[in-house]
Structure formats: structure tokens, C-alpha cells
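*Asks:* Pasting a structure here, questions to come.
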Amino acid sequence: MTVRNNWLNGMFVITLLFSCETDKNIREGDRLDFSEFTSRNFNLLELSTEVEGLQLSLPDSIILGKIESIRYVHPYWLMHDPNFSKAIYLFDSAGNFVNSLQKAGEGPEEYLSLFSYLVWDEELIVYDRNLGKANWYSFPEFDYIKSKNVDYYIMDLIFLENQKQALAVFDDWHTDDSYLGIVFLDKDLRIVENFPKPPGLIEATQIGNLSDNNGFWYFTEPLSEMVYLLGKSEMQPVYWIDFGEFKIPGLNWGIDDADDFHELLQTREYAFAVHNFNLHENLISFNFYLGNPENVKLGLYDLNADQAVVIGEISTADDLFLRPLNVSAGYNLTVLYPDEYNEEMLMEIGLNLEWIKSIDIENPLMIKYRFNKIPNL
């Protein structure tokens, strides 16, 4: 099974200190019962009838790096490669290459790390964690506008368009027991409101914990398994994933470091770290880990039937569709590089044969899909 993102890579310090307030919030959301489950294997066509491919047309001078996340900002797809090329690639809705931002360096217009970014109206804001600054560029031209020193540490950024606010995940200390946590920002990246969180919850947060669902934004909190709907300076608990006896014990206990967390995972098979939350009509989908971060599962929940299903494998393309890169515009999104697909595999996932024959298999593809079927058990 292909797993492209190790959840524990950045998890250096973990402290889980849940209070009665956390328990109160859990009771405010609707419970999704995954307390008893058996992991089963299916193919993608048994789970989805909405699979679309987008050929990414690239000039010879551009090589698509290792894409870590994809975001849709009308009418463009932005692909983020923070490590290999330190670039943001911009494609139109037809998959044509439009532009790229690739200005690695320590100069005024450059960044040393392209850690996170957001698009706010006609400006792209790039956060450079290594140099402690943010750069503003015009969008989609990527002309440099200005820079600003940032005195706090940001793990991820996203623009909540309807609320005209940015949301960020901060791993700066708020008190001796909590981080600044989930923070709402204005366009100059000034703090408007924040929701302190235990360090473990923030250290365990990854790109897939923020999802964009066509004007609705969700934050799935790892380890507590809470799902919040994000509004203007507010987080409304809407669901909580109940793994029953498989859940990470949460109330009134603490772990000092990642080694202790690994030791905890050796004691029994826990289900934890919900991410890539998506809601399409009556069907919820999300990923989580079972036992360890290398064992990725897919949870499906039918809100109408109150039925939960856990998928252990999707028997197409070495499970590339079991776990998307992230969720944006209401779709699960992934990139297939030329060595990861062929015509037969594309037919197996339900793509149109005529379209398949028209593409250049030497170029990468973006696949967008969402789960809309509970399989027959």
C-alpha cells in the first residue's frame, strides 16, 4: 500500500490533557458510531460513481515535483510542492499549466521554505517558517508585493472565503498546558480569535485535517476525533467519531514525547487521527489510522441509514485512492505520476475510454473523486 505522508514526521512533542470542557464539546456533536467495525476490501467502482481525471499539461521546462496538497481557488487548481521544488503550480480548469511560483532563496522576494500558503482574493500569501516571514504576491501573476516578519509559528493556513478570514494552525505556546491552537487571522496575518488546544492535538495535525467542501470548511481534530464546522471566528462541533474501545484514551492523561506515544500504540490496536473529512449528500468519508500511521483505513458513514463501513483496501492502483492528498472543492484529490498509472488501471476506476485514449500517458494526471455508495456487505 502506498502511503505518501507520515503523520508522525513532525510529531516531536505530545501532551494530551483533555478537560471536562472537551468532553462537553464532544457531546454537542452528532455521534458517528464506529465502535464496532470489520475492515473490508473493495474496488473503487463499488464505492464511487464520481471519478474524474484531469490531464496536467506541462511545458518541457517544468517538472511537477512531489505534490503534498491540492487546493481549488476558482478557476484554478493550485498544487503545492513544499520540499522537492519548493513551488506552487497553477493549472486552469482544463488542466493547462498557467504559472508557477518558485523563488527559493533568502532575498527580499524569496522564501527559504514554502511551508504553507493561502489565496486571499487577488493575492497569494506564502508563509516561510524557516525565515519567520510571509510574502505577498499578486494572483495569478505571482508578482512580488511585500513581506512581513511573522513572530509566531504556523503549521497550516487556509482562506475561509465566505467569512473573509484566514484560519491557521499554530504551534506556539499559549499557556503552560496549551498551544495557541486554532487561530483566525485577518489579511495581514494578525490574530483575530484563537482556540487554545493541547499540544498533542496540534502536533498531530496535518494538511488533511482542514477540508474545503464547496463553501463549507471543516477541521477534524486528531486524537479527540472531533469534526468542527468553521465559521467566522468560531468552531462549531458537528460530529465526533466514536471508535469505542479502539479510541485513544483521552481524558485526564498525558504523554511527554513521541517515543511514549509509540509505546502506547504497542499496547493495543487503536483507531485514531481522523483526516480527509468529506461530506457528499448523505455520505461522510474520512481516513484514519489503525494501530500505526502506516495502516491507513477509510471510514464511510451513511447519515440516512446510520450505517458505518470501514474499508481496508481499494484494489486498484496499489491503494492510491484509499487515501487522497486532501479534500478541496468537495472532492478527494490525488495526483498520478506517469509510472503510477496505465490505460487498464484508468479503465478499472471508471474513467471514460475515449478520454483515456486522448491523453498523453507521459504526463501526470489529477484525479478528483468522492465516495457516494455504501457497498453491499
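The values are calculated or read from the model by the stated rules, or taken from the named source; none is laboratory data. From a predicted model like this one, the values you see are computed outputs, not experimental measurements. For neighbour counting, all protein chains shown are included, and Cβ atoms are generated from backbone atoms with ideal geometry for every residue, glycine included.
*Asks:* Spot the failing condition for Trp77; the list is (1) under 20 Å from Val150 (Cβ atoms); (2) buried (at least 20 other Cβ atoms within 10 Å of the Cβ), and only one is missed.
*Replies:* Result: Trp77 fails condition (1) only.
*Asks:* Which pairs do you get when a residue that is under 19 Å from Asn287 (Cα atoms), found in the stretch 347-374, comes within reach of a residue that is of a type in the set (Val, Ile, Thr) and buried (at least 19 other Cβ atoms within 10 Å of the Cβ), reach meaning Cβ atoms under 6 angstrom, with the pair 6+ apart or on two chains?
*Replies:* Matching pairs, first to second residue: Ile367/Thr334; Tyr369/Val51; Ile374/Val309.
*Asks:* Condition test on Lys146, is it without any contact (Cβ under 8 Å) to a residue 40 or more places away in the chain, under 17 Å from Gly107 (Cβ atoms) and surrounded by 17 or more Cβ atoms within 10 Å (Cβ to Cβ)?
*Replies:* Taking the combined requirement at face value, the residue does not satisfy it.
*Asks:* Here is a list: Ser39, Ser69. Which entry is modelled with pLDDT of 95 or more, among the small types (Gly, Ala, Ser) and closer than 27 Å to Ile349 by Cα? Working first, answer last.
*Replies:* On the way: Ser39 fails: modelled with pLDDT of 95 or more.
After ruling out the rest, the residue left standing is Ser69.
*Asks:* Is it true that Lys232 is modelled with pLDDT of 90 or more and closer than 30 Å to Lys187 by Cβ?
*Replies:* yes
*Asks:* Is there a residue being in contact (Cβ under 8 Å) with a residue 40 or more places away in the chain, out of contact with any Lys or Arg (no Cβ under 8 Å at 6 or more places or on another chain) and in a loop (DSSP other than H, G, I, E, B) anywhere in the stretch 56-63?
*Replies:* Within the stretch 56-63, the subset in contact (Cβ under 8 Å) with a residue 40 or more places away in the chain is 56-58.
Pick out the ones that are also out of contact with any Lys or Arg (no Cβ under 8 Å at 6 or more places or on another chain) and you get 56-58.
Subset that is in a loop (DSSP other than H, G, I, E, B): 56, 58.
Looking for residues that are in contact (Cβ under 8 Å) with a residue 40 or more places away in the chain, out of contact with any Lys or Arg (no Cβ under 8 Å at 6 or more places or on another chain) and in a loop (DSSP other than H, G, I, E, B), one finds at least one in the stretch 56-63, hence yes.
*Asks:* Look at the stretch 312-338 and say how many of its residues are modelled with pLDDT under 95, in a strand (DSSP E or B) and in contact with a Ser or Thr (Cβ under 8 Å, 6 or more places away or on another chain).
*Replies:* Counting residues in the stretch 312-338 that are modelled with pLDDT under 95, in a strand (DSSP E or B) and in contact with a Ser or Thr (Cβ under 8 Å, 6 or more places away or on another chain) gives 1.
*Asks:* Output the number of residues of the stretch 169-224 satisfying the condition of being modelled with pLDDT of 90 or more, within 13 Å of the chain's Cα centre (by Cα) and either part of a strand (DSSP E or B) or surrounded by 22 or more Cβ atoms within 10 Å (Cβ to Cβ) (or both).
*Replies:* Qualifying residue count, the stretch 169-224: 15.
*Asks:* Going residue by residue through the stretch 103-119, is there one that turns out to be surrounded by 14 or more Cβ atoms within 10 Å (Cβ to Cβ), touching a Gly at 6+ places or on another chain (Cβ under 6 Å) and within 20 Å of Pro59 (Cα to Cα)?
*Replies:* For the stretch 103-119, residues surrounded by 14 or more Cβ atoms within 10 Å (Cβ to Cβ), touching a Gly at 6+ places or on another chain (Cβ under 6 Å) and within 20 Å of Pro59 (Cα to Cα): absent.
*Asks:* Every residue in the stretch 344-359 that is among the hydrophobic types (A, V, I, L, M, F, W, C) and surrounded by 15 or more Cβ atoms within 10 Å (Cβ to Cβ), please. Can you show your working first?
*Replies:* Applying the first criterion (among the hydrophobic types (A, V, I, L, M, F, W, C)) to the stretch 344-359 yields 345-347, 349, 351, 353, 355-356, 359.
Met345, Leu346, Ile349, Leu351, Ile356, Ile359 - these are the residues of the stretch 344-359 that are among the hydrophobic types (A, V, I, L, M, F, W, C) and surrounded by 15 or more Cβ atoms within 10 Å (Cβ to Cβ).
*Asks:* For the stretch 143-165, give me each residue that is part of a loop (DSSP other than H, G, I, E, B) and β-branched (Val, Ile, Thr).
*Replies:* Filtering the stretch 143-165 for residues part of a loop (DSSP other than H, G, I, E, B) gives 143, 150-153, 164.
Across the stretch 143-165, the qualifying residue is only Val150.
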